[in-house]
1. Go through 135-141, 117-123, 5-11, 80-86 and give me the packing order, highest mean Cβ count within 10 Å leading.
2. Suppose only helical runs count, i.e. DSSP H with n ≥ 4. What mean residue ellipticity at 222 nm does that imply for the chain under -39500 (n - 2.57) per run, divided by all residues and rounded to the nearest 500 deg cm²/dmol?
3. Check the straight Cα-Cα distances from Lys167 and name the lysines below 28 Å, setting aside those fewer than 8 residues away within the same chain.
4. Looking at the chain as a GNM with Cα springs under 10 Å, which of Ala41, Ala54, Ala148 has the largest mean-square fluctuation?
5. Relative contact order of the range 1-152, please, whole-number percent, based on alpha carbon pairs below 8 angstrom and at least 6 residues apart.
6. Translational diffusion coefficient, Stokes-Einstein: compute it for the chain using the Kirkwood radius over C-alpha pairs as Rh, at 25 °C and 0.890 mPa s, and state it as an integer in µm² s⁻¹.
7. Under 16 Å Cα to Cα from Lys89, which aspartates and glutamates show up? Leave out anything in the same chain fewer than 8 places away.
8. For a label point 7 Å from the Cα of Arg98 along Cα→C-beta, name the residues of the range 116-148 whose backbone N is under 11 Å from it.
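Read-outs throughout are calculated quantities, based only on the coordinates presented, and are distinct from any laboratory measurement. Given the structure is predicted, the values throughout are model-derived calculations rather than measurements. Note that each Cβ is placed from the backbone with ideal geometry, even for glycine, and that neighbours are counted across all protein chains shown.
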Amino acid sequence: MSHISNAVEYALHCMLYLVDSPGKPVEASTRDLAELQGVSAEYLAKIFTKLHRAGIVVGVEGSGGGFALARGPDKISFLDVVEAIDGKKSLFECKNIRLGCAVFGGKAPRWASQGVCDIHAVMLEAEARMRAALASHTLAEVGARFGAKAPHTFGEDVSNWLAQRAKRSRPG
């Protein structure tokens, strides 16, 4: 079982489409982002509800409606998104298996139960490092790396696609 859900991956990919040149915010509906990513609109709406509650995206009023980033992409870390979607769950939950050794006859000696379990200590360190790594990467940074790989027209193509979709969804 994955410790970081697929919903986090969908959120991050969709949020990259909301990153554009400075001063030009990108707005998109969850319906359009869902179609762009090939995922159910209902599923993505639930994801964006969590992002909205966490203050990562804001709702946009108007005929098309939708979402935009609530703050600059350089102020949104991967850890922010993981915690907004999956919560602050632990990577590992120690069950204190060390206390159940048959040799102890049902009563673990003090040396075996004292302090943090050594295995749990390693897992706590691993979790701290993972959280630090997630906190050190932002949407802006990953967007820039993605932009360096993609053809220079890709961002414009996506913006045009979203704009056409928004036009079609407006009445009149």
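1. On the way: 135-141: 16.0, 117-123: 13.6, 5-11: 17.9, 80-86: 20.7.
My ranking of the peptides, most packed first, is 80-86, 5-11, 135-141, 117-123.
2. Using -39500 (n - 2.57) per qualifying helix, the result is -16000 deg cm²/dmol.
3. Within the straight-line limit of under 28 Å, Lys167 reaches these lysines: Lys24, Lys46, Lys50.
4. Ala148
5. 25 percent
6. The estimated diffusion coefficient comes to 131 µm²/s.
7. Asp80, Glu125, Glu127
8. Under cut-off, by backbone N: 116-122.
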